[in-house]
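To start, the structure under review is shown below, and the notes come after it.
The values are calculated or read from the model by the stated rules, or taken from the named source; none is laboratory data. Quick caveat, the model's predicted, so the values are computed rather than measured. Glycine gets a Cβ as well: all are built from the backbone with ideal geometry, and neighbour counts include every protein chain shown. Ligands, DNA and RNA are stripped out before the accessible areas are found, and what is left, the full protein with its side chains, is counted by its heavy atoms. Shrake-Rupley method; radii C 1.70, N 1.55, O 1.52, S 1.80 Å.
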Amino acid sequence: MSGPQFPLPQNEPEVSFRPGSEAAAELSRALGQRDVVEIPAVIGGKRYFSNDVVEVRAPHDTQRLLARIHRPTEAQIKEAIASNKSVAKDWANLTHASRATILHRAADIIATRKRMTITAATMLGQSKTVDQAEPDAACELIDFLRFNAYNAQRVHAEQPMSVPTAVNRTDWRPLEGFVYAVSPFNFTAIGGNLTTAPAIMGNTVLWKPSEKSALANWIFFEALEEAGLPPGVINFVPGDAELTTRVALSSPDLAGIHFTGSSAVFQSLWKNVASRVDAFRTIPRLVGETGGKDFVLAHPSANASEVAIALIRGAFEYQGQKCSAASRAYIPRSLWGAVSQEMRERLATLKIGDVANHDTFMGAVISQASHQKLSRVLAAAKDDSAVKFVSGGRTWSEPGYFVEPTVLEVSDPKHSLMQEELFGPVLTVFVYEDNAWNETLELIDSTSQYALTGSIFCTDRFALHHAEKVLVNAAGNLYLNDKPTGAMIGQQPFGGGRASGTNDKAGSHLNLQRWASPRVVKETYLPPREWTFGA
Ligand code: NAD
């Protein structure tokens with residue numbers, strides 16, 4: 001690929017919001033902003049407002065109205081697909097450098113003048129503390145933009161060999177059609193990746209954000225516009241999920257789906273596409289990163305305090321609403337007394353409440369539906385003789401959807417609490433006998449349908465090595481002596497196998513390759529003029 005070379009980016013550093021700092025004051029002003037944001041659909045650069053409106057409220061303060069989403073009609077979603085198509089050729093024909101410059105400009109806009117706005121929107125709309133919001137809505141989003149621009153360059157650089165008689169090259173063509181990007185609520189950054197990864201490879205994108213993160217996603221979309229993204233390259237369609245999906249999947253131009261969210265929804269998309277695969281111009285690429293039931297395993301050689309802290313941070317940061325959150329733990333009997341005591345003591349001091357307060361550790365869960373589900377699960381656990389409450393268990397719904405960080409101990413290692421993703425602050429522990437290390441490894445591997453993240457705490461090098469081998473397929477991202485959350489772009493490309501998704505490693509060149517349909521061109525210098533082999 002000719003043109004300028006973009007250097008390997010550095011991860012965007014976090015800003016410190018120490019009380020009294022200028023950054024803290026600026027953030028506090030952004031959080032205090034009371035205007036209700038009207039979020040339109042944007043199709044071919046035009047804003048569409050409608051009467052079909054969904055309100056966005058702060059999950060930790062449900063009285064506080066933040067935004068109104070104007071959902072597009074079926075005709076408008078079709079118009080968005082047509083608009084994608086109308087700009088597709090021009091976008092595909094731009095140089096990589098032009099597209100990369102737009103992503104870099106957007107990254108710089110987020111890093112500077114929109115940093116506080118998007119961080120505050122993520123705190124309010126998704127109930128994240130600043131310690132969770134800034135690394136997501138600012139740092140990771142910026143990293144996705146800069147690393148996608150850089151990694152696309154690596155993809156283009158991958159070329160076949162040539163020989164003395166002919167030259168070969170690969171054109172990294174975009175797919176023939178649009179990519180449908182469907183993003184989840186829990187990371188603002190993911191919406192930025194699901195859209196710009198296909199776009200940097202020259203594709204056009206129909207973006208359906210989650211209603212629950214639409215405010216922060218909208219701010220990002222405005223940053224893309226400000227950065228000079230041509231109208232129609234990414235259309236912002238915050239519509240009803242089923243309607244938008246029905247329209248997108250009935251278009252013959254659907255060339256790919258870039259999804260992050262629950263396994264059930266991704267599987268339904270896959271089945272839908274498969275059932276009418278002959279109706280598309282090209283076989284759609286399906287990339288989905290989905291649920292997890294992520295494990296923490298401690299070996300008897302582990303340090304109890306390190307395990308307890310990893311469990312608290314891994315299970316309860318952002319109320320356990322990370323796909324990578326620790327939600328099942330396997331602790332040896334010899335360590336459990338110390339681990340459980342330290343967890344109980346520390347959790348007793350952990351603050352839950354308004355995410356704007358500097359010392360709050362946990363905000364609310366995302367929605368009433370999630371709150372009701374978690375309340376039901378905890379009520380059932382109280383009546384279950386196979387479950388012991390180690391800590392927590394309360395839920396309350398004023399002024400928002402709060403769930404206490406809860407640690408449960410089960411006597412049955414195959415209990416549903418060890419298998420199902422709950423997506424809330426609930427950690428279930430199975431205490432194994434110290435001499436049952438090998439059986440425990442098998443148990444971890446066979447208990448859940450998911451295989452996203454996992455972590456092993458162990459200071460015995462042989463045992464650690466053995467565990468890593470036995471658990472080879474149990475996680476797409478494995479952490480040794482660390483919590484299972486907090487993957488960094490460029491450092492731990494993210495994704496899992498089994499029911500956790502297609503494992504295309506968000507933020508890496510592997511993901512970008514899925515958005516290209518390479519054409520290989522051979523040109524011979526002197527074509528033969530005789531047909532016989534001996535000539
Ligand atoms: P979700 O599946 O409810 O929603 C994800 C997206 O799909 C949203 O935009 C939603 O509107 C849309 N959607 C919902 N129902 C749909 C339908 N029937 N048809 C089409 N689209 C539909 O997930 P969520 O609650 O937003 O996010 C939480 C889930 O995402 C968890 O399962 C979590 O593990 C997973 N997740 C995975 C990763 C990863 O990288 N593996 C990252 C973040 C979140």
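Using only Cα atoms, what Kirkwood radius does the chain have, in angstroms?
For the chain, inverting the mean 1/r across all distinct Cα pairs yields 24.4 Å.
When the chain is fully extended, how far beyond the present Cα-Cα distance does Asp434 get from Asn357, taking 0.36 nm per residue of separation?
23.5 nm
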In whole Hz, what ³J(HN,Hα) sequence does segment 7-17 give by Karplus (6.51, -1.76, 1.60; θ = phi - 60°), x for Gly and Pro?
-> x, 4, x, 9, 5, 4, x, 6, 8, 8, 10
Placing +1 at every Lys and Arg Cβ and -1 at every Asp and Glu Cβ, with all other atoms neutral, what dipole size does the chain have around its Cα centre, in debye to the nearest 20?
-> 1140 debye
Around Lys351: net Lys/Arg minus Asp/Glu count, Cβ-Cβ under 14 Å = -4
Helix-only mean residue ellipticity at 222 nm for the chain, each DSSP H run of n ≥ 4 adding -39500 (n - 2.57), per residue, nearest 500 | -11500 deg cm²/dmol
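I'd like to check one number: the per residue accessible area of the chain, probe 1.4 Å, reported in Å² as a whole number. Please report the intermediate quantities before stating the final value.
Values: 22400 Å² over 535 residues.
That works out to 42 Å² for each residue.
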Between the helical axis of 22-32 and the dominant principal axis of the chain, each derived from Cα atoms, what acute angle in degrees is found, rounded to the nearest 10?
-> 90 degrees
To the nearest Å, what is the center-to-center distance of segment 157-214 and segment 245-321, using C-alpha atoms only?
-> 18 Å
Solvent-accessible area, 1.4 Å probe, carbon plus sulfur percent, for the chain = 51 percent
Which whole-Hz couplings ³J(HN,Hα) result when phi for each residue of segment 76-89 is put into the Karplus expression 6.51 cos²θ - 1.76 cosθ + 1.60, θ = phi - 60°, listed in order with x for Gly and Pro?
-> 5, 5, 5, 5, 5, 5, 5, 5, 4, 5, 5, 9, 4, 5
How much length is gained on full extension from Val470 to Ala386, taking 0.36 nm per residue of separation minus their Cα-Cα distance?
-> 27.5 nm
Of 40-49, 72-81, ordering from highest average Cβ density within 10 Å down gives 72-81, 40-49
One finds, for Ala274 and Ala241 with R0 = 30 angstrom and r their Cβ-Cβ distance, a FRET efficiency to the nearest 0.05 of 0.95
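Which of the three applies to segment 199-258, rounded, prolate or oblate, going by the alpha-carbon gyration tensor with a ≥ b ≥ c and a/c under 1.5 meaning rounded?
oblate
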Extension gain from Ser305 to Glu398, taking 0.36 nm per residue of separation minus the Cα-Cα distance = 30.1 nm
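How many percent of the alpha carbon pairs in segment 118-264 exceed a separation of 20 Å?
Of the Cα pairs, 52 percent sit more than 20 Å apart.
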Among beta bridges that DSSP assigns inside segment 112-261, antiparallel share in %, nearest 5 | 5 percent
Measure up Lys114/Lys505; Lys293/Lys388; Lys414/Lys483; Lys212/Lys322; Lys128/Lys414 against 24 Å on the Cα-Cα distance and list the ones that go over.
-> Lys114/Lys505; Lys128/Lys414
R0 = 56 Å: FRET efficiency of Ala82 with Lys414, Cβ-based, nearest 0.05?
-> 0.65
In debye, nearest 20, what is the charge dipole magnitude of segment 294-480 about its Cα centre with +1 on Lys and Arg Cβ and -1 on Asp and Glu Cβ, if you could check?
-> 240 debye
Provide the packing ranking of 426-439, 446-459, 83-96, i.e. peptides ordered by the mean count of other C-beta atoms within 10 Å per residue, highest first.
-> 446-459, 426-439, 83-96
Of the listed peptides 187-197, 468-478, what is their order by residue-averaged count of other C-beta atoms within 10 Å, with the highest listed first?
-> 187-197, 468-478
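Which net charge results for the neighbourhood of Asp253, defined as the other residues with beta-carbon distances under 14 angstrom from its beta-carbon, given Lys and Arg at +1 and Asp and Glu at -1?
Surrounding charge for Asp253 is +4.
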Report the local net charge at Leu141: Lys and Arg +1, Asp and Glu -1, summed over other residues whose C-beta lies under 15 Å from its C-beta.
-> -3
Estimated dipole of segment 101-226 in Debye, rounded to 20 [Cβ of Lys and Arg +1, of Asp and Glu -1, Cα centre] = 100 debye
Fraction of beta bridges assigned by DSSP in the chain that are antiparallel (%, nearest 5) = 40 percent
So what are the ³J(HN,Hα) numbers for segment 123-131, from phi and the Karplus equation (6.51, -1.76, 1.60; θ = phi - 60°), rounded to whole Hz, Gly and Pro as x?
-> 5, 6, x, 10, 6, 10, 6, 4, 5
If you take every DSSP beta bridge whose two residues both sit in segment 294-480, what share of them, in percent to the nearest 5, is antiparallel?
-> 20 percent
If amide H atoms are built 1.01 Å from N in the plane of the peptide, which residues on other chains or at least 5 residues away come under 5 Å of the amide H of Val37?
-> Ala67, Arg68
How much FRET efficiency would the formula 1/(1 + (r/R0)^6) give for Arg18 and Arg344, where r is the Cβ-Cβ distance and R0 is 25 Å, rounded to 0.05?
-> 0.25
